[in-house]
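Enquirer: Let me begin by handing over the structure; questions about it come next.
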Amino acid sequence: MSILYCCISDFAPALVRRDDPRLQRRPLVLIDPEERVFAASAEAAACGVVVGQTARAAEVRCPEAHLMETDLARCRSEFETLLQLLEHTSPRVEPHGWGAAYIDLGNLVQRHADGVSLCQEVGRAVRRELGEPLQPALGWDRTKFTAQAATKCTQPGHLRAVDSVRERAFLQPLPVTLLPLGIDALQRLGFLGLRTLGQYATLSPGAVWQQFGRAGRLAQRCARGEDDRPVVPRSQERRLAAHYELENPLAEQQHLLTVLRHLVSPLLAGLRENLQACGQMRLTVHFADNNAQERARTFLFPTAEEKRVLLAIEHLLNQMSWQAGVEALEVTLERIQDTVASQLSLFPGETERERKLHKVQHYLAARFGANRLRRAVLSHPGAPLPEWRASWLEES
C-alpha cells in the first residue's frame with residue numbers, strides 16, 4: 001500500500017482565523033452547543049484548555065481567550081470541500097476526525113520521487129483551495145498509522161515521507177500516546193513505565209493480548225510498523241446494526257433503555273477491539289400500532305464509548321411521541337472510522353514537553369515581553385552554599 005495522511009492542525013480554530021485575521025494573535029476557544037469546548041487554538045491549549053471542558057473552566061484556565069460559538073455547519077462544509085479535493089487525487093479517501101484524512105495512492109505511485117511529487121502537489125492544491133492558514137501537514141508511508149505518525153513530526157506545509165526500510169527506527173522514539181488506545185489503557189502503559197512505541201513494540205504479543213486484548217495487539221502491530229488496515233472510502237463505509245423483538249409491547253422507558261444497552265454494548269465492544277469508532281447512531285422504534293419512528297444522532301467526535309452512546313439513545317427516545325407500546329428496537333452505528341488518538345499529552349516525551357514549553361514561552365514573551373523571562377541554570381554545582389550554585393539567564 002501507499003498511503004498519504006493529510007492533517008490540518010487545529011482545523012476549526014484555523015478556519016475561524018482565516019475568516020477573521022483579527023483573531024490571529026489571541027487565544028481562541030470554540031464552544032459547542034452543549035457549552036463545552038469543541039476546539040482550542042495552540043495558545044489556549046498551552047494554558048490548559050482541553051476539548052470537553054466547560055466554557056467556564058476554559059475562561060478560568062485562559063482569561064485572555066476569546067470564546068465564541070462554533071459554526072458547525074461551516075466546519076462541515078469546509079471539511080467536505082477538503083475531502084472532495086482529496087478525492088480528485090484518489091477516490092479512496094477515508095475521513096479521520098476533523099480536518100484529517102487518509103488517501104490511498106494505490107498504483108498512482110511507481111517510484112519514490114514520483115510519490116513525493118504527487119504528495120507535494122496535494123498539499124499545494126489544499127493550500128490554494130482553503131487558504132494559507134489551513135495548509136496541511138503531510139505524512140506518507142505504506143501503512144496508515146506510520147503515515148499519521150509522520151504528520152506529528154513535521155510542520156504545516158511540509159511532507160514527511162518514511163522509508164519502509166527505516167519504518168521501525170522512525171517509530172521507536174515516538175510517544176506511546178500516538179496509539180489509538182483508550183485512556184485506561186494509556187494510563188496502564190504509563191504505570192508500567194512504557195513511554196515510547198519502541199518499548200511497547202518489544203513486549204511479548206501474548207502478554208499484550210492478556211493485558212490489553214485484541215485492541216492492544218492491533219496497537220502493537222501499529223507500533224511495529226505492521227499496520228495492515230486498509231483505507232476505506234466513504235462509498236464503502238461499514239455499518240453495524242442490531243435488532244431485537246420484544247415478546248410483549250413495552251412502554252416503560254427505563255426497561256427499554258436496559259434492552260437497548262444489551263443491544264448496543266456488543267457492537268461498541270467490537271468497535272473498540274478494532275480501534276474504531278462511530279460518527280453517527282440511528283435508532284428505529286417499532287410500535288404496537290404498526291407505526292415506526294426513526295431518529296439519528298451525529299457525534300461531534302466519533303466514539304465507541306458506551307456511556308456517550310447510551311446518553312444519545314436516551315435523548316432520541318425522549319424526542320419520540322408515544323402512542324402505543326414498543327414491539328421492536330433497532331440500533332445502527334454508522335460512519336465508522338479509525339479511532340482518533342486524542343490524549344497525546346497524557347505521558348509526553350521530552351520532545352513534546354519541549355515543544356509545549358516553547359509555545360508557552362512564546363505566548364508569555366508576547367504578552368509580558370521577552371526581557372521578563374529568566375531560566376535557572378546550575379552554573380556552580382560545587383559552590384559551598386546552595387544559593388551560589390544557581391544563576392539566572394535571560395531568555396531571548
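Enquirer: For every helix of n ≥ 4 consecutive DSSP H residues, a contribution of -39,500 (n - 2.57) applies; sum these over the chain, divide by its total residues, and give [θ] at 222 nm rounded to the nearest 500 deg cm²/dmol. Could you put the intermediate results ahead of the total?
Expert: On the way: 14 runs with 162 residues, N = 396.
That comes out to -12500 deg cm²/dmol.
Enquirer: Can you run phi through the Karplus equation (6.51, -1.76, 1.60; θ = phi - 60°) for region 216-225 and list ³J(HN,Hα) in whole Hz, with x for Gly and Pro?
Expert: Values per residue, Gly and Pro as x: x, 5, 4, 5, 5, 4, 4, 5, 8, x Hz.
Enquirer: Let me ask another. Sum up the charges of everything whose Cβ sits under 13 Å from the Cβ of GLU294, counting Lys and Arg as +1 and Asp and Glu as -1, but leave GLU294 out. Walk me through the numbers before you get to the answer.
Expert: Values: positive: ARG282, ARG295, ARG297; negative: GLU330, GLU334.
Summing Lys and Arg as +1 and Asp and Glu as -1 gives +1.
Enquirer: Among VAL60, PRO91, SER164, which residue has its Cα positioned farthest towards the positive end of the charge dipole of the chain, with +1 placed on the Cβ of Lys and Arg, -1 on the Cβ of Asp and Glu, and the dipole taken about the Cα centre?
Expert: SER164
Enquirer: Please work out the Cα center distance from region 250-302 to region 72-88, rounded to the nearest Å.
Expert: Computed from Cα coordinates, the inter-centre distance equals 28 Å.
Enquirer: Grab the other residues whose beta carbon is less than 11 angstrom from that of GLN220, score K and R as +1, D and E as -1, and report the net.
Expert: +2
Enquirer: Please give the contour-minus-distance gain from HIS158 to GLU294: 0.36 nm per residue of separation, less the Cα-Cα distance, rounded to one decimal in nm. All intermediate terms of the calculation are to be shown ahead of the outcome.
Expert: Details: separation 136, 0.36 × 136 = 48.96 nm, distance 4.51 nm.
Length gained between HIS158 and GLU294: 44.4 nm.
Enquirer: Evaluate the charge dipole of the chain about its Cα centre and quote only its size in Debye, nearest 20, assuming +1 on the Cβ of each Lys and Arg and -1 on the Cβ of each Asp and Glu. If you can, show how the numbers build up before the last one.
Expert: Numbers: 48 positive and 47 negative charges, 306 e Å.
The calculation lands at about 1460 debye.
Where a number appears in this text, it was derived from the coordinates with a stated rule and is not lab data. Since the structure is predicted, the reported quantities are computational estimates derived from the model, not experimental observations. Cβ atoms come from the backbone with ideal geometry, glycine included; neighbour counts cover every protein chain shown.
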